[in-house]
1. How many residues, within the stretch 150-203, are under 22 Å from the mean Cα position of the chain (by Cα), surrounded by fewer than 18 Cβ atoms within 10 Å (Cβ to Cβ) and in a helix (DSSP H, G or I)?
2. So is Glu330 in contact with a strand residue (DSSP E or B) (Cβ under 6 Å, 6 or more places away or on another chain) and surrounded by fewer than 16 Cβ atoms within 10 Å (Cβ to Cβ) or not?
3. Read through the list (1) touching a strand residue (DSSP E or B) at 6+ places or on another chain (Cβ under 8 Å); (2) buried (at least 22 other Cβ atoms within 10 Å of the Cβ), then give the number of the only condition that Asp223 fails.
4. Go through the stretch 257-279 residue by residue and tally those that are closer than 16 Å to Phe6 by Cβ and touching a Gly at 6+ places or on another chain (Cβ under 6 Å).
5. Within the stretch 283-305, identify whether any single residue is surrounded by fewer than 19 Cβ atoms within 10 Å (Cβ to Cβ), touching a residue at least 24 places away in the same chain (Cβ under 8 Å) and under 30 Å from Phe357 (Cβ atoms), and answer yes or no.
6. Within the set of pairs 6+ apart or on separate chains, which have a first residue in the stretch 3-16 that is at pLDDT below 90, a second that is in a helix (DSSP H, G or I), and C-beta atoms under 6 Å apart?
7. Looking at Ala398, Ala411, which is the one that is part of a helix (DSSP H, G or I), surrounded by 19 or more Cβ atoms within 10 Å (Cβ to Cβ) and among the hydrophobic types (A, V, I, L, M, F, W, C)?
Amino acid sequence: MNYSRFITGLSLARQESPIRKLTNMFAAAPPPFMLAGGMPNVSLFPFQDATISLRNGSELKITQASMEKALQYGPTAGFPPLVSQLKDFQQRLHSPPMWGRKPEEGGTDLIITTGSQDALSKSIDMLISPGDYVLLQEPVYAATITALKPLNPKLLPVSEDDEGIIPTKLREALRQWTPSECRARSTGVPKVLYLVPNGNNPSGTTVSLERRKEVYKIAQEYDLLILEDDPYYFLQFSEEFLPSFLSLDVDGRVLRFDSVSKILSGGMRVGFATGPQPLIERLNLHMQVSVLHCSSLSQVIISALLNSWGFDGFIAHVHSVRGFYQRQCEHMANSATKWLSGLAEWNIPQGGMFMWFKILGVEDSFKLIAQRALNSGVVLLPGNAFFFSVPQTPYVRAAFSVMSPEKIDQAFKLLAELIREEIKEMQEK
């Protein structure tokens, strides 16, 4: 892989901060006479230790020594014990084929970021220049659209069905180029494919294994990098986790984004990116001049939790969380069948937190959702928020993550009435 052809001029120009270099070098074992660092003296911080009560009745002890690490600046790549734990998790969950290779061979590495959103935003900065061609699954996560729009990219949307992104549609989006053209050129050709493989936000779709293999094959043919944004990986409703694109990556062409937000805490803002070392290095350099590093306190707490639970304990927690969301999904599907049959169409999600509805007889859901439903206290998202350049769409996104089954049922009963009112008003015009 020639990674330099993928990286933007801005990202290539980034250089290591000399202060961050010292911090990163000596974080694990400070020398006896460290006079260069601009570290504050931790003895002056008012926090000494902490005890955190867990929902299962146990407690996490954050000792004074751990608290000092949690309150101090740390290495950009992340709190070393947590980095080690997450690398172990990635190897257990995905067995990346490129793990252990040399950096120039695309060997896999990992960096902890301020949520996976931070990793995604910085990766867009690293890989996409203004006016570049960008391939992405559509409908697409709304924040990805927000991050891309200032770059005014030439968008190549790839549609999906209930099995996720459609490989034949991906080939159609690439039809104006030959594979050899894409491999030979660094400008004027698509270089990046973005997708959410599990529980896609907003549509709830999960890409089947057969399609994952076909999409990866196409990426090999056209020399594409795959941005695998997978915050809902642990919320797959199947018994076994589907193999990730990272687990299929024999070339070093997958940059994967994970998050603990949906499993442990959204507010702790901890995510991590896993992928080719040359790309992880660029993310590291960007973080050095933006956030310096993810919150040390959040990292120390999560590391202590994982140390207490171990891998098996973490997976047991995942199964509990997944079971809750699956039951919530079933409740929403039942309410949809009860109230929205004949008024909307939908597929049952295989993971994630969302259901995606097509309102029948309504070409544009915006007025229905942003005005009529909102004024009645039913808050959903109109579908146009998830398309890059489609102003009108009949789709609506509903989240089943928070509301009780009773409230979901009440909301859908009211939504059905509002849809009928909308259609009647349209017919009378």
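The values are calculated or read from the model by the stated rules, or taken from the named source; none is laboratory data. If you're wondering where the values come from, they're calculated on a predicted model, not measured in any experiment. Counting neighbours? That spans all protein chains shown, and the Cβs are built from the backbone with ideal geometry, glycine included.
1. Qualifying residue count, the stretch 150-203: 2.
2. No, not satisfied.
3. All conditions are met except number (1).
4. 2
5. Checking the stretch 283-305: not a single residue is surrounded by fewer than 19 Cβ atoms within 10 Å (Cβ to Cβ), touching a residue at least 24 places away in the same chain (Cβ under 8 Å) and under 30 Å from Phe357 (Cβ atoms).
6. The qualifying pairs are Arg14/Leu285.
7. Result of the check over Ala398, Ala411: Ala411.
Residue-by-condition table, conditions (1) basic (Lys, Arg); (2) out of contact with any Lys or Arg (no Cβ under 8 Å at 6 or more places or on another chain); (3) not in a helix (DSSP H, G or I):
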{"site": "Gly267", "(1), (2), (3)": "no, yes, yes"}
{"site": "His286", "(1), (2), (3)": "no, no, no"}
{"site": "Asn307", "(1), (2), (3)": "no, yes, no"}
{"site": "Ser320", "(1), (2), (3)": "no, yes, no"}
{"site": "Glu330", "(1), (2), (3)": "no, yes, no"}
